[in-house]
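The values are calculated or read from the model by the stated rules, or taken from the named source; none is laboratory data. Treat the numbers as computed from the prediction; the structure is a model and nothing was measured. When we count neighbours, we look across all protein chains shown, and the Cβ atoms used for this are built from the backbone with ideal geometry, even at glycine. Accessible surface areas use protein heavy atoms only, side chains included; no ligands, DNA or RNA. Shrake-Rupley method; radii C 1.70, N 1.55, O 1.52, S 1.80 Å.
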Amino acid sequence: MTCDSPIGKRGDNGGTMRARLIPTEGGAPVELVKDLTLIGRGDDCDLQIDHKSVSKRHCVLVKTDGLVLIRDLGSTNGTRVNGQRVLRGSLLPNDDLSVANFRFTLKFGDGQPEVERELDHEPAGVAVPNIKQDSVSTTSTP
């Protein structure tokens with residue numbers, strides 16, 4: 001499954017830890033470039049998910065040494081870590097993050113980028129949102 005969405009970049013702050021979100025329903029991995037990443041539907045969000053189930057300012061991710069901290073910003077449909085709804089918490093490698101109904105797996109390190117998973121069809125009941133990434137980058141494979 002691919003997502004035809006505009007991708008923009010605001011710049012790299014030179015952080016040392018590499019972290020990326022891998023969409024579980026397919027699509028390009030999302031590199032977390034900045035130490036603080038705002039996720040939501042709003043135009044000011046670093047990772048913009050254009051879907052009505054996502055709040056304008058849904059949650060924020062903060063990269064620290066060895067883990068990523070998360071804080072829900074009072075979203076309507078919640079933020080979950082490994083299936084558990086959280087107001088704040090931490091993410092470790094391979095943890096699952098759900099922003100409303102959009103699921104990602106967190107990966108750390110300088111390893112090879114994940115291979116984009118192609119699906120022959122869109123899973124039933126799953127709408128592909130437009131995702132705009134201003135302070136994050138997608139990792140593409142040759």
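Candidates are the residues of segment 24-44 that are among the β-branched types (Val, Ile, Thr) and in contact with a Cys (Cβ under 9 Å, 6 or more places away or on another chain); the one that is surrounded by the fewest Cβ atoms within 10 Å (Cβ to Cβ) is Thr37. Within segment 69-101, the set of residues being out of contact with any strand residue (DSSP E or B) (no Cβ under 8 Å at 6 or more places or on another chain) and in a strand (DSSP E or B) comprises just one member, Gln84. Within segment 45-66, restricting attention to residues that are within 24 Å of Met17 (Cα to Cα) and among the polar types (S, T, N, Q), the residue that is most open to solvent (accessible area, probe 1.4 Å) is Thr64. You will find that of Asn130, Asn82, the residue that is within 15 Å of the chain's Cα centre (by Cα), under 17 Å from Leu21 (Cβ atoms) and modelled with pLDDT of 90 or more is Asn82 and no other.
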